Amino acid sequence: MKSNDIKLTNRDLQAIERRNQLLESAKELFASNGYHATTTRQITKNIGMADGLIYHYFPDGKNKF
C-alpha cells in the first residue's frame, strides 16, 4: 500500500452511499418536478431520511446539488 492511499472506514463508505442516494433522489425529482419546484424535504422523504440530515451531507443546502 502506498503512503498516500486512503483507507475508508465502514462509516465513510455508508456516508458516501447516503450522499449518492440523496443525489439520485434529487436528480429524479428535478427531472419530474423541476429544480425550483423541488424541496429538500421531498428529496429526503423520497429515500426515507429525516429532513435535517441533508445538511450534514450538503452543508450549503440545495445550491450544492
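Bear in mind these aren't lab numbers, they're just calculated from the coordinates by the rules spelled out. Computed from a prediction, not measured in an experiment: that's the story for all the values here. Cβ coordinates were reconstructed from backbone atoms using ideal geometry, including for glycine residues, and neighbour counts include every protein chain displayed.
Given 0.36 nm per residue, what is the gain on full extension from T9 to L23 after removing their alpha carbon distance, in nm? All intermediate terms of the calculation are to be shown ahead of the outcome.
Working: separation 14, 0.36 × 14 = 5.04 nm, distance 2.13 nm.
Taking T9 through L23 to full extension adds about 2.9 nm, to one decimal.
Tell me the mean residue ellipticity at 222 nm calculated for the chain from its helices only (DSSP H runs of n ≥ 4, each -39500 (n - 2.57), averaged over every residue, nearest 500).
Working: 3 runs with 35 residues, N = 65.
Theoretical 222 nm ellipticity from helices: -16500 deg cm²/dmol.
Taking the beta-carbon count within 10 Å as an exposure proxy, list L13, L23 from fewest neighbours to most.
Working: L13 10, L23 15.
By the 10 Å Cβ count, ascending: L13, L23.
Return the Cα extents of the chain along principal axes one, two and three, sorted largest first, each rounded to a whole Å.
Extents along the principal axes, in whole Å: 47, 20, 19.
Using a simple charge model, +1 on the beta-carbon of Lys and Arg, -1 on the beta-carbon of Asp and Glu, nothing else, what dipole does the chain show about its Cα centre, in debye to the nearest 20?
60
I need the phi-derived Karplus couplings for region 36-41: 6.51 cos²θ - 1.76 cosθ + 1.60, θ = phi - 60°, integer Hz, Gly and Pro marked x.
6, 8, 9, 9, 5, 4
Taking Cα atoms, how many degrees apart are the long axis of helix 10-33 and the longest axis of the chain, rounded to 10 and kept between 0 and 90?
The angle comes out at about 20 degrees.
From the backbone phi of region 44-59, what are the Karplus-calculated ³J(HN,Hα) couplings (6.51 cos²θ - 1.76 cosθ + 1.60, θ = phi - 60°) in whole Hz, Gly and Pro given as x?
Taking θ as phi minus 60°, the curve returns 6, 4, 4, 10, x, 10, 5, 3, x, 5, 4, 6, 5, 8, 9, x Hz for region 44-59.
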